[in-house]
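Peer 1: Sending over a structure as structure tokens; questions will come in a sec.
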Amino acid sequence: MTTAPPDADLLGPGAVENPYPLLAALREHDPVHWSERYRSWFLTRYDDVDAALRDPRFSSDRIAPYRRARLERDDADPAVRAAFGVLEDWMVFKDPPDHTRLRKLLSRAFTPRAVERVRPRVAELVEELLSEIAPRGHADLVGDFAYPLTASVVAELLGVPRADRDVFKDWSDAIAGLVFGGMGDPQRHSAGAAGMAELTAYLTELVARHEREPADDLLTALIQARDAGDTLTHDEVVSTGVLLLFAGHETTTNLIGNGLLALLRHPGVPATADGLVEEVLRYDGPAKTIARLMATDVEVRGRMLRRGDRVFLCPSAANRDPAVFDDPDRFDPGRATGRQLGFGVGLHYCLGAPLARLEGSVAIPAAVRRLQGMALADEPLRWHPVLLSRGLVRLPVTFRSL
Ligand code: HEM
């Protein structure tokens, strides 16, 4: 493709499966693209995405304005209003000073030590899941492996009892509709709101239990997080718990799924290669776009982004910008990927990056080692049709049954 279509659609035919040709055309010919369809800007060049992520004029506070505009009307669904109330407490949707306070308190609880503590459990869970799968000769590595693994790890980290873990999948799927699907689809909103209500009720009860009986886990650390008179309110603890469960597991599932697919499509690349996870984050990372709302008018490359405009910053395009990465469409774990933007950059840089890296670097090579002769099953791959994230619905594979 040599030119960018005037109404490029990242969710159009072919683009959900492979967005990269369209992103390349935008990056080259229309790097500050206005989409009438999404009534939003799309920024695709590395320098622009990197600069915008570090620029406070590109605001993260995008839930409160939506709630004020759409959900405070009398006819708004109270469940949807309540769900957006929880999202509004997520640090990822806040600007300073609220963001600074929430991030500092969570960083106190979510330490490298807390991540290290789950390391042996990650390896154990990986082996448990692979032992169930290995005799079968075929599996869906998203549904049977990546999803249950990442859900268990984050639940374990927080201190959610084992017996309760299965229910998270449904709630988390519903919330994904709310966070990723959005775009004003009322059906997704009401399903998401129901999932959010159940998860919030569950966590409220769990927080109360942890208050009575403190344990050596992240939820207890969150309850106890204090900083010069600042503490997290009860609602903020619950809402941060929801954020961690959600952020910790949808994205990491996609890292593992996209990573295994990249290896299946590049049989010469060893799964044990140093730099594998970083290259997956660059080449086909889970964060397709990151949304911002303009806090003020800003001119970028001669185009005026107006206060209140929505902007999608595209790490998926920036990470393949030939101005920064040589031969960017080649999957090569040996390359220097230090500047990849798959975890964002700046104030909101992913707090879970060490945990995601740990899970990816244990799970991906273990699956390749245990499931010998792994190959893609003979059925078309389906990707989630959403703007914000890049992940497979299923990854069906076959292998020699042991
Ligand atoms: C490969 C997996 C992951 C990817 C690709 C990813 C990606 C991202 C990105 C792009 C952001 C920045 C969003 C923005 O600027 O608006 C972010 C923020 C965040 N992520 Fe992750 N993430 C992953 C895994 C995790 C895990 C495992 C956790 C926790 C258990 C986590 C927790 C968070 C939190 C709390 C934030 C908000 C930070 C803030 O607003 O200051 N993420 N993530």
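The values are calculated or read from the model by the stated rules, or taken from the named source; none is laboratory data. These figures come from a predicted structure and were not determined experimentally. Here the Cβ is made from the backbone with ideal geometry for all residues, glycine too, and neighbour counts use every protein chain on show.
Peer 1: Can you list the helices (runs of 4 or more DSSP H) found entirely within segment 30-106 that contain at least 1 residues being farther than 25 Å from Leu178 by Cα?
Peer 2: It comes to 46-53.
Peer 1: A follow-up question, please. Considering only residues of segment 151-188 that are polar (S, T, N, Q) and either closer than 23 Å to Ala114 by Cβ or modelled with pLDDT of 80 or more (or both), which is nearest to the chain's Cα centre (by Cα)?
Peer 2: Among residues in segment 151-188 that are polar (S, T, N, Q) and either closer than 23 Å to Ala114 by Cβ or modelled with pLDDT of 80 or more (or both), the one nearest to the chain's Cα centre (by Cα) is Ser172.
Peer 1: To continue, here is another question. On the given criteria, is Glu156 touching a helix residue (DSSP H, G or I) at 6+ places or on another chain (Cβ under 8 Å), within 15 Å of the ligand (Cβ to nearest atom), in a helix (DSSP H, G or I) and acidic (Asp, Glu)?
Peer 2: So Glu156 fits the description; yes.
Peer 1: For segment 204-222, how many residues are part of a helix (DSSP H, G or I) and touching a residue at least 40 places away in the same chain (Cβ under 8 Å)?
Peer 2: 7
Peer 1: (1) at pLDDT 85 or above; (2) surrounded by 14 or more Cβ atoms within 10 Å (Cβ to Cβ); (3) over 23 Å from Asp329 (Cβ atoms): which one isn't true of Ser107, the others all being true?
Peer 2: Of (1) at pLDDT 85 or above; (2) surrounded by 14 or more Cβ atoms within 10 Å (Cβ to Cβ); (3) over 23 Å from Asp329 (Cβ atoms), only one is false for Ser107: (2).
Peer 1: Can you name every residue in segment 230-254 that is assigned to a loop (DSSP other than H, G, I, E, B) and within 9 Å of the ligand (Cβ to nearest atom)?
Peer 2: Gly248, His249
Peer 1: Is there any pair with a first residue in segment 304-315 that is of a type in the set (Phe, Trp, Tyr) and a second that is within 11 Å of the ligand (Cβ to nearest atom) and at pLDDT 95 or above whose Cβ atoms are under 9 Å apart and which are 6 or more apart or on different chains, and what are they?
Peer 2: Phe312/Lys288; Phe312/Thr289; Phe312/Ile290; Phe312/Ala291; Phe312/Arg292
Peer 1: Would you be able to tell me the number of residues in segment 322-351 that are within 14 Å of the ligand (Cβ to nearest atom) and over 12 Å from Leu281 (Cα atoms)?
Peer 2: Counting residues in segment 322-351 that are within 14 Å of the ligand (Cβ to nearest atom) and over 12 Å from Leu281 (Cα atoms) gives 7.
Peer 1: Quick one: Arg113 ticks every box in (1) touching a residue at least 60 places away in the same chain (Cβ under 8 Å); (2) part of a helix (DSSP H, G or I) except a single one, so which number is it?
Peer 2: (1)
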